[in-house]
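Here's the structure, in structure tokens; my notes come after.
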Amino acid sequence: MHDIQLDAAGRLRHLITTEGLPAELITRILDTAESFVPEIGAPAKKVPLLRGRAVFNLFFENSTRTRTTFELAAKRLSADVINMDVATSSRTKGEDDLDTLFTLQAMGADVFVIRHPDNGAAARFAANAAPGVAIINAGDGSNAHPTQALLDVFTIRRHRPDFANLSVAIVGDIAHSRVAHSTIHALKTLGATDIRLVGPAAFLPADPSALGVTATTDIAAGLADCDIVMGLRIQRERIAGDVIGDIADYHRDFGLTEANLAHARPDALIMHPGPINRGVEITPEVAYSRQSLILEQVTNGIGIRMAVMAMIAGHRGAEPARPA
Amino acid sequence: MHDIQLDAAGRLRHLITTEGLPAELITRILDTAESFVPEIGAPAKKVPLLRGRAVFNLFFENSTRTRTTFELAAKRLSADVINMDVATSSRTKGEDDLDTLFTLQAMGADVFVIRHPDNGAAARFAANAAPGVAIINAGDGSNAHPTQALLDVFTIRRHRPDFANLSVAIVGDIAHSRVAHSTIHALKTLGATDIRLVGPAAFLPADPSALGVTATTDIAAGLADCDIVMGLRIQRERIAGDVIGDIADYHRDFGLTEANLAHARPDALIMHPGPINRGVEITPEVAYSRQSLILEQVTNGIGIRMAVMAMIAGHRGAEPARPA
Amino acid sequence: MHDIQLDAAGRLRHLITTEGLPAELITRILDTAESFVPEIGAPAKKVPLLRGRAVFNLFFENSTRTRTTFELAAKRLSADVINMDVATSSRTKGEDDLDTLFTLQAMGADVFVIRHPDNGAAARFAANAAPGVAIINAGDGSNAHPTQALLDVFTIRRHRPDFANLSVAIVGDIAHSRVAHSTIHALKTLGATDIRLVGPAAFLPADPSALGVTATTDIAAGLADCDIVMGLRIQRERIAGDVIGDIADYHRDFGLTEANLAHARPDALIMHPGPINRGVEITPEVAYSRQSLILEQVTNGIGIRMAVMAMIAGHRGAEPARPA
């Protein structure tokens, strides 16, 4: 994948996935983000790095929250931001998506932030983008969500920078989670060796060892002496019915509750990509506890998105938009 | 309520309601707004007071028009504006609203403009907001709509500055109107003593004297020698059916028509929060007459909203966003 | 119409239609647009000409793509842009549209970009606009779409500047197309004499000679030795059923296919207002061929819209917004 994501000089050209992204590049993104996350007590800064650039939020799947983080990051960089919600109903097939790409880049778009229900959609856009146009994947199917993964490892690095000696438990529906996939790749690349996936069997990947991780259906074992406990958002519709049993059972067996967290280290840090489902995968007491990093993740997410856009948009060559 | 709205130094911190807002503070808002309302013949000015600040229009109830006034005011102050329409259907309970607040302020929001169907929602957001974050109520249930009230008294002050000797008639569904509630409080605070509520019995409050006003179902008596006649927008669904009778009857008995306005002073000024229902609570001839201030109210509304945001946003302390 | 579109000094005041727009004024718009279309290899420039001005995209009919072109053009001119989608369902009659106009111009709107399903809507807004407020028609019913026509003639001028010796074929549903109407007027005004309309009989105007053009149902005759072949977007619902026959027949008889284009000059240029329907009125091979100007039209459309807004917005007198 790095052939699409990097230019000839090895600089970030698109951001599609954390899979195969070199450690030095991830580190450079995190270091850049440090300069964009405001210090405590200081207001956010507006910087002119993308002044005159047009960032298109092209969402083929609704997500007000994710769209807002990119919109805010782009505006803090002084870009012109265009929000386009492309209703699935108005789409017929993939060719139409490419016509949309060609048309919008002909308008002068510099960066596309793309959320799409299909696995691989972002890579397909990147493969067809004009030379000066960058694609940032904001989530494609159950495939990847790289900016979420980068903000996760950024947040961890600020509190537990020694990845080689870190134990991370990821709890929930890992099999269907683009967040989990992207975060596992980023953690591994930065040197983490002890990553445990925890959830009911239907939520665990078929072959954890292929990912370089372990998996268990026993939360006591999965959280034992863990430094970081990362909960995933549960789609209620996946639980209701006969897949898992009822929500109360799931909450008792796999929820981030004080009872379950007693198995982790006393200073374990709690993470979650948000928005939380109170009483399903987490309790509000845990979500807003002193050991929770959940809101800090949100703050850091703006900085990470600013960093990615700033690093990419310096590459713009502005050649005419025309498919090869 | 002033404990929530004011900071320790007595400055505006949030704007939730005009109830209990000190007269000096109301006057300071109106004076500030004077500097933002362009002179006749001059274009609107763009000022950099909120440059780098993020204003979130967080609307739990759809209102394109109100949202637009805040969006335009914030942009004239050079703020970054994020519009978020939160469909009621996607909400389950109040805790989710607070999760939304905590998340968005973690993104770096400085000001929230909130429209919500529930009475008291804005105060609840203010009670839970982080130290550096301000809440502006853009209408909560039938409770309050303070910026509308401030633009009303601002508009009156420009034409009839002697509130102590002013007669104001408010005509329509006062019982269910957040505009009427907020405007009555603002008028009283500025010294108005003669406020008459006019409407069918079902539209009048149970105890007008508790509000320091009088009430009547007789429009001739209510408008007698009035300086200001303020019509309220009528929800058609409240009239149809057996509550009031039909629309033609309502229009004849309580509409701002030339016949009914003959009871007021010959130089009486006409106001309405908009948008008007032609042929229901007002005729277009009256709405666009020389004595109508309705469009001037709209113009002044931008200035008032700029003033409120400018006065509040200087207070930002930018502490980390985390619930107490 | 020029009495509404031009001010006393003959400058552009509104843009409602290309019908009757003087050739010198069209030429001045095209010349202005040249300065806004970025050179190949150069990034788009941001210019401060509309700084502090408010541009309202007031869309009574949904069109994300057209709205985006105006939004981007206005932002490149540094204007504050407000997008308002006015659902048809919430409208009752034309008076309400004018109330909306009066209200929004009282907020300080400088320019309205209006898309409306009714023929003549833009002219009606212009007739009622306040002295300092400009109306730009972004498509009204099947009547006119002047910025599309201007970008069409701009694109042609860049490649085939000798309008007097130009042969242009317009293929598709001309009778119902506001694009065709506006483009024919612009071409005629700039001196084009050989304009052929091509389509099934139901898609051709009743009296082509009144427009100064010829019409044919035979694509071989219509395209013979043509310099420019302009396809129109086909509404699928107009074809299905008994009007035309099926889509495959239409594609064979009137689609811009390599077979049909063999009748035109070998260096004929292909145009289309977009978005294309692959396999209906055009093939993707033709749409993205070296002779296609379709994506260049999109790029030029931003420059044309910047030019129109820049020329108009210098006229703002900023008198109070009040209907005559």
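Values quoted throughout were computed directly from the atomic coordinates according to the rules given, and no laboratory measurement underlies them. The model shown is predicted, which means the values in this text are computed figures rather than measured ones. Methodologically, a virtual Cβ is constructed for each residue, glycine included, from the backbone with ideal geometry; neighbour enumeration extends over all protein chains shown.
Most exposed first by the Cβ proxy, i.e. fewest other Cβ within 10 Å, how do A:T257, A:T17 rank? The partial results should precede the final answer.
Details: A:T257 18, A:T17 26.
Taking fewest neighbouring Cβ atoms as first place, the list is A:T257, A:T17.
Grab the other residues whose beta carbon is less than 15 angstrom from that of C:I82, score K and R as +1, D and E as -1, and report the net. Please list the in-between numbers first.
Working: positive: B:K46, B:R65, B:R67, B:K75, B:R76, B:R305, C:R53, C:R67, C:K75, C:R115; negative: A:D80, B:E71, B:D80, B:D85, C:E71, C:D80, C:D85, C:D110.
Around C:I82, the surrounding residues sum to +2.
Once the Cβ-Cβ distance between C:D267 and C:A9 is put in as r, and R0 is 45 Å, what FRET efficiency do you end up with, to the nearest 0.05?
Details: r = 42 Å, r/R0 = 0.93.
E(calc), rounded to 0.05, equals 0.60.
Quick one: compute the contact order of chain B, relative version, from alpha carbon pairs under 8 angstrom and 6+ residues apart, as a percent.
Working: 633 pairs, mean separation 67.4, N = 324.
Reported as a whole number, the value is 21 percent.
Going by how many other beta carbons lie within 10 Å of each one, how would you line up A:R28, A:R196, fewest first? Numbers along the way, then the final one.
On the way: A:R28 15, A:R196 20.
The order, fewest Cβ neighbours first, is A:R28, A:R196.
When the convex hull of the C-alpha atoms of region C:146-294 is computed, what volume per residue in Å³ does it have? Walk me through the numbers before you get to the answer.
Values: hull volume 14.1 nm³, N = 149.
Hull volume over Cα atoms, normalised by residue count, gives 95 Å³.
Once you put a point 7 Å from the Cα of C:K45 and another 7 Å from the Cα of A:E24, both along the Cβ direction, what distance in nm separates them?
About 3.9 nm separates the two model spin labels.
Near the amide H of B:A138, under 5 Å away, which other amide H atoms are found, from residues 5 or more places off or on another chain, if H is placed in the peptide plane?
Correct list: B:I114, B:R115.
Within 10 Å of each Cβ in peptide B:261-269, how many partner chain Cβ atoms are there on average? Round it to a whole number, please.
Details: counts 0, 0, 0, 0, 0, 0, 0, 0, 0.
Shielding by partners across B:261-269 averages 0.
Sorted from shortest, what are the nm distances separating the label point of C:G20 from equivalent points in the other copies, each placed 7 Å from Cα along Cα to C-beta?
Relative to the other copies, C:G20 has label-point distances of 6.2, 6.2 nm.
Shape verdict for the protein assembly as shown, please, from the Cα gyration tensor: rounded (a/c under 1.5), prolate (a/b greater than b/c) or oblate.
Working: a/c = 1.87, a/b = 1.00, b/c = 1.87.
Oblate shape, in that a/c is at least 1.5 and b/c is the bigger or equal ratio.
What average count of beta carbons from other chains do you get within 10 Å of the Cβ of residues in A:68-79? Each step should come with its number before you reach the end.
Working: counts 9, 4, 0, 7, 8, 2, 1, 6, 4, 0, 3, 1.
Counting other chains' Cβ atoms within 10 Å and averaging over A:68-79 gives 4.
Have a look at A:S177, A:S209, A:S167 and tell me which one the Gaussian network model of chain A (Cα, springs below 10 Å) gives the largest fluctuation.
A:S209
Based on the alpha-carbon gyration tensor of region A:244-306 and its eigenvalue square roots a ≥ b ≥ c, which shape applies: rounded if a/c is under 1.5, prolate if not and a/b is larger than b/c, or oblate? It would help to have the intermediate numbers written out before the result.
Values: a/c = 2.74, a/b = 1.55, b/c = 1.76.
Oblate, since a/c reaches 1.5 and b/c is not below a/b.
Quick check: Cα centre of region B:1-60 to Cα centre of region C:1-27, how many Å?
What the calculation gives is 42 Å, centre to centre.
Output, in nm with one decimal and in ascending order, the distances from the A:R265 label point to the matching label points of the other copies (7 Å from Cα along Cα-to-Cβ).
Distances between equivalent label points, in nm: 7.6, 7.6.
Here are some pairs, B:K45/C:K75; A:K46/A:K188; B:K45/B:K188; B:K46/B:K188; A:K45/A:K188; which of them have Cα atoms lying more than 28 Å apart in this structure? Spell out each step's value before the answer.
Values: B:K45/C:K75 17 Å; A:K46/A:K188 33 Å; B:K45/B:K188 32 Å; B:K46/B:K188 33 Å; A:K45/A:K188 32 Å.
Pairs exceeding 28 Å: A:K46/A:K188; B:K45/B:K188; B:K46/B:K188; A:K45/A:K188.
Within the set of other residues whose C-beta is less than 13 Å from the C-beta of A:L187, count the net charge using Lys and Arg as +1 and Asp and Glu as -1. Spell out each step's value before the answer.
Working: positive: A:R157, A:R160, A:K188, A:R196; negative: A:E19, A:D152, A:D162, A:D194, A:D227.
Local charge sum for A:L187: -1.
When Cβ neighbours within 10 Å are restricted to other protein chains, what is their mean count per residue of peptide B:105-111?
Details: counts 3, 10, 12, 11, 3, 2, 0.
Mean number of neighbouring Cβ atoms from other chains: 6.
Once the label point is placed 7 Å from Cα along Cβ, list for A:A127 the distances to the corresponding points in the other copies, in nm, shortest first.
Result, one decimal in nm: 5.6, 5.6.
If you draw the axis that swings chain C onto chain A, which residue of C has its Cβ closest to it, and how far is that in whole Å?
Its Cβ sits closest to the axis: C:N83, 5.
How much of the DSSP bridge set in the protein assembly as shown is antiparallel, in percent, rounded to the nearest 5?
On the way: 6 of 111 bridges.
Of those bridges, close to 5 percent are antiparallel.
So which trypsin sites (Lys or Arg not before Pro) in region A:91-161 pass both tests, a DSSP loop state and at most 16 other Cβ atoms within 10 Å of the Cβ? Can you show the working numbers first?
Values: sites: A:R91, A:K93, A:R115, A:R124, A:R157, A:R158; in loops: A:R91, A:K93.
Qualifying residues, ordered by number: A:R91, A:K93.
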